Amino acid sequence: MTRLNIRKYINQNKKNAGYQKTYARLVSVDTLDTNDLCRHIQKHGSIFTSDVVKGVIEKFVNCFNELLLEGHKIKLNGLGTFYLSIATKGEADPKEFTASNIKAVRLKFLGDKSKESEYATQILTSQAQFRDVNTLVGGEDNPESGNTESGNNGGGPVNP
């Protein structure tokens, strides 16, 4: 059974209501690139080879960028909506504001809020199991030191 890796930490933000409380963050195993994703899709019984899947994904990325730069938002049902935003430097006089005041264009994402997506989130939450990454190397239960034993003496699941 697959488990999501977590790492505990103690909130050190004195202005936050959760100051000195222990929380957890997910720890990624690795980053899969397009080739990895294509091979994975092919293994799930796709009739298409990984090179065909890769071609479709590459075309998707090209079109995705083109459509975003034309001002469209792109919604992938069951996943969410991608859109662009900008960071700007302010000007006191509106007449002085030009394109040079735009400092960055950023890609944003808003998760799908449909009933199907809410259901998927509930399923993920109820089925997810967690393991503390420091138990894999025999750490102790000390989030300040980075050692985060799960407290069950076996490195097993940590329930949220």
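Please give, to one decimal in nm, the separation of the simple spin-label points placed at PHE97 and ASP51, each 7 Å out from Cα toward the Cβ.
My value for the distance between the label points is 5.1 nm.
So for the pair LEU69, TYR83, with labels modelled 7 Å out along Cα→Cβ, what separation do we get in nm?
Spacing of the two 7 Å Cα→Cβ label points: 2.1 nm.
Which Cα, out of SER100, VAL52, ASN62, lies furthest along the positive dipole direction of the range 51-119 (beta carbon charges, K/R +1, D/E -1)?
Toward the positive end, the furthest listed residue is SER100.
Within 10 Å, count the other beta carbons around each residue, average over each peptide in 76-83, 96-103, 55-62, and list them highest first.
Result, highest mean first: 76-83, 55-62, 96-103.
Would you tally the net charge around ILE86, using a Cβ to Cβ cut-off of less than 11 Å, leaving ILE86 out, and scoring K and R as +1, D and E as -1?
Net of charged neighbours comes to +4.
Starting from the Cα of LYS108, draw a straight line to each of the lysines and keep only those under 27 Å, dropping any in the same chain fewer than 8 residues away.
The reachable lysines, counting only those whose Cα sits under 27 Å from LYS108, are LYS54, LYS59, LYS73, LYS75, LYS89.
Under 1.5 on a/c is rounded, so check that first for the range 44-123, then, if it is not, pick prolate when a/b is larger than b/c and oblate when it is not; a ≥ b ≥ c are the square roots of the alpha carbon gyration tensor eigenvalues.
Oblate, because a/c is 1.5 or more while a/b does not exceed b/c.
For SER85, SER126, what's the largest-to-smallest order of accessible area, 1.4 Å probe?
Heavy-atom accessible area, descending, gives SER126, SER85.
The values are calculated or read from the model by the stated rules, or taken from the named source; none is laboratory data. As the structure is a prediction and not an experimental result, all values here were calculated from the model. In this analysis, Cβ positions are derived from the backbone assuming ideal geometry, glycine residues included, and neighbour counts consider all displayed protein chains. Protein only, heavy atoms only, side chains kept; ligands, DNA and RNA dropped before computing areas. Shrake-Rupley method; radii C 1.70, N 1.55, O 1.52, S 1.80 Å.
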